[in-house]
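Report on the following structure.
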Amino acid sequence: MALFSTKDSRPTRYLARTTSSYLTVIVSLCLTLATFSVAANPEPVFQGVPPHAQILQSVIESAELSAQQDFEVSDHDLDDALKNMDYQTYRAIRFNADQSLWRNQKDFEVQFFHPGFLYQQPVTIYTVGSDNKPVRFAFNRNAFNYDTSAAPLAAVTKENNGYAGFRLHYPIKNTSYKDEFTVFLGASYFRLVGQSHVYGISARGLAIDTGMPEGEEFPHFTEFWLIEPKDGDPITVYARLESPSVSGAYKFVITPGSESAMQVESWLFARENVKKLGVAPFTSMFLYGENSGKRPDDYRPEVHDSDGMLLHTQSGEQIWRPLTNPSQLQITSMRDSAPKGFGLMQRDIAFDNYLDGEANYHIRPGLWVTPQSGFEAGRLELVEIPTNSETHDNIVAYWVPDAPFKAGEHRYFSYTLSTVTGLGEGTVDSKSEAHIARVVRTRQGAAVLPGEQDNAVATRRFIVDFAVPQGMTFDPAALEAKASVSQGTIRQVRVFPVDGGKALRATFLVTPQGNKATDMRISIHQNNQRVSEVWNYVYHAK
């Protein structure tokens, strides 16, 4: 496993793999919903490719051919001085906005990141104009300002060095300024924000062997093709991905807006057998929140980029899993076949619940995946890594297909990736079951009030608040909270309206079975019909 170092003083975080010492017992709890067999190669290689898309076909063919060859890593002939620079020196290299691609010519503009420091496997950039011919976009030192300690480094750069990555700009807030709303930087990481957001959660092209004892494999984007956009249209980006086990081709169609969206397609080819294939992965941070049993000595009530994982199952369940910062590495999963959607969310968007005027955690987006192809039987897996710092991304989530991905096979996946604000009113998050009560708060505490004698110190009280959607009516006498638990016991389960009927509160006592992880589920029913999400939580007794 690995943590990812983050620096929020720049628009994008620096994602650096570090060595993890968390060789602990992995908790794997599955909610079995449905399983079906799936063929290894159910579709032809060029599934999803429109006619006459010669460049995209060539990118896919390149990935297919590469998978038949040994994996190679290129540093683009980077000078050692670029590789060995420190963080402060890297920050002293700034891209000159006047050198942006398509400057004052298109709705979109592109700015680039300098290679070196943590980014020692640069990417090759191509531009594709109206003639539909790719042209290599050579590294240009004159597009950067080299200040203070970085000044000598300009002399050691070369045209073939490539770039660390790039960011897209668009007038997302007003017509007078083009805001950064998407960035591709580091391994296969990328970020997307909507109109009112700041960067938080990251997405990835692919996750391989995450949480495996042998260690995680980190694929890298190696080449990008930037398709010159037409006025009023979204922007299209092609990409090549490489890792020791997999070679891939990607197509991103990116639409900025109040909630920005990407249409993602990937064509993957297995160079080696893959033990665990993580599709549509997310990386985020959760240090502590309202549900945390213990908090640091900090004036801020909560610190996190995301507060829960959500799964819309094929059968119609909507399962909310609050995030935790566990005392040991924890891996949990939820099974389904052809899910309607899933994502990591930041539902709490009230400034008063964070009080952080710099990180602005209350305006960080959730990310939501709407599957379209390739998401047959499998599981949504969540990895939670212990951390004591908000500079580390310690949360990872992804879809794992049941069908093994073996050397020589290929897979095609397509999905829409969208930003989500809060509960997601008016977005993809709300379309499935907006009419049901949704979890907005999870808290825990001692089983007795302060000052009372607690004879069952291992027992904890949980309260779960469900927001009542507009137009929903309920009869308090007809409400019932249905709860289940594994490796523990639940008692004193109650449900009642709070906050003038704006929310329904479920409360109960849970007693773990020794030091084992306790897996809990609770939902609210009225007249034997479920009227809420399913709250799912894994509790470890400290």
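Read-outs throughout are calculated quantities, based only on the coordinates presented, and are distinct from any laboratory measurement. No experiment lies behind these values; they were computed from the predicted model shown. Here the Cβ is made from the backbone with ideal geometry for all residues, glycine too, and neighbour counts use every protein chain on show.
Things worth noting here:
- Unit charges on C-beta of K, R, D, E only; dipole of region 4-431, Debye: 260 debye
- Unsatisfied cross-links (Cα-Cα over 22 Å) in the set 83/158; 173/251; 106/133; 340/406; 178/230; 83/178: 173/251; 340/406; 83/178
- With a Förster radius of 22 Å applied to the beta-carbon distance between residue 230 and residue 133, the computed FRET efficiency rounds to 0.85.
- Principal-axis tilt of helix 54-66 within the chain, Cα atoms, nearest 10 degrees: 80 degrees
- In terms of surrounding Cβ atoms within a 10 Å radius of their Cβ, 466, 95 rank from fewest to most as 95, 466.
- Computed extension gain for residue 351 through residue 494, at 0.36 nm per residue and net of the alpha carbon distance, reaches 48.5 nm.
- At R0 = 30 Å, FRET efficiency that the Cβ-Cβ distance of residue 102 and residue 389 yields, to 0.05: 0.20
- Computed from phi, the 3J(HN,Hα) profile of region 204-219 under the Karplus parametrisation 6.51, -1.76, 1.60 (θ = phi - 60°) reads 9, x, 6, 10, 10, 6, 5, x, 7, x, 6, x, 8, 9, 10, x Hz, with x in place of Gly and Pro.
- Projected over every direction and averaged, the convex hull enclosing the alpha-carbon atoms of the chain yields 26.5 nm².
- Amide H to amide H, with H built 1.01 Å from N, residue 373 comes under 5 Å of 414, counting only residues 5 or more places away or on other chains.
- Amide H contacts of residue 342 (H built 1.01 Å from N, under 5 Å, at least 5 apart or other chain): 312, 369
- Using alpha carbons only: equivalent-ellipsoid semi-axes of region 438-539, gyration tensor based, whole Å: 25, 15, 11
- Annotation: peptides 72-83, 378-389, 161-172, 224-235, ranked by per-residue average of other Cβ atoms within 10 Å with the highest first, follow the order 161-172, 378-389, 224-235, 72-83.
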